[in-house]
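Inspection log for the structure reproduced underneath, given as structure tokens.
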Amino acid sequence: MNTLLAATLNDNLAEIVGKLQSLMDSFWIYIVMALAAVVVVWGAFVGIKIAIAHKNEEKINARDMVKNLIIGIIIIFVVAMGAPLLINGLSAWVGA
């Protein structure tokens with residue numbers, strides 16, 4: 001009974017992982033393009049804010065926005081690189 005349950009669970013998990021891999025493969029380029037577009041638009045916005053900043057407080061806020069933009073880019077990069085690795089690791093774990 002337990003062996004049958006474990007085999008069914010492994011088959012279901014393998015099916016879910018396969019669907020996740022096919023979903024990531026089909027939408028990956030669009031996700032990357034959308035994130036790149038957001039980074040470009042937000043970077044342009046921050047650049048304009050820095051260019052028109054006249055008061056010292058506005059300049060400090062603009063510098064904080066640049067810092068937050070860089071942190072956001074790093075987080076996006078880590079998630080974008082980590083998601084496929086996580087799915088492949090899950091696939092290898094199910095296959096083992």
Subset of segment 6-24 (residues that are surrounded by fewer than 11 Cβ atoms within 10 Å (Cβ to Cβ) and either under 21 Å from Phe77 (Cβ atoms) or at pLDDT 80 or above (or both)):
Lys19, Ser22
Listed by first then second residue, the pairs whose first member lies in segment 54-68 and is under 24 Å from Val40 (Cα atoms), whose partner is basic (Lys, Arg) and surrounded by 11 or more Cβ atoms within 10 Å (Cβ to Cβ), with beta carbons under 8 Å and at least 6 positions apart or on separate chains, are Glu58/Lys49; Asn61/Lys49; Ala62/Lys49; Met65/Lys49
Got a number for residues in segment 49-83 being assigned to a helix (DSSP H, G or I), at pLDDT below 90 and either among the polar types (S, T, N, Q) or over 30 Å from Ser22 (Cβ atoms) (or both)?
15
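The values are calculated or read from the model by the stated rules, or taken from the named source; none is laboratory data. On a predicted model such as this, the values are computed, not experimentally measured, just so you know. When we count neighbours, we look across all protein chains shown, and the Cβ atoms used for this are built from the backbone with ideal geometry, even at glycine.
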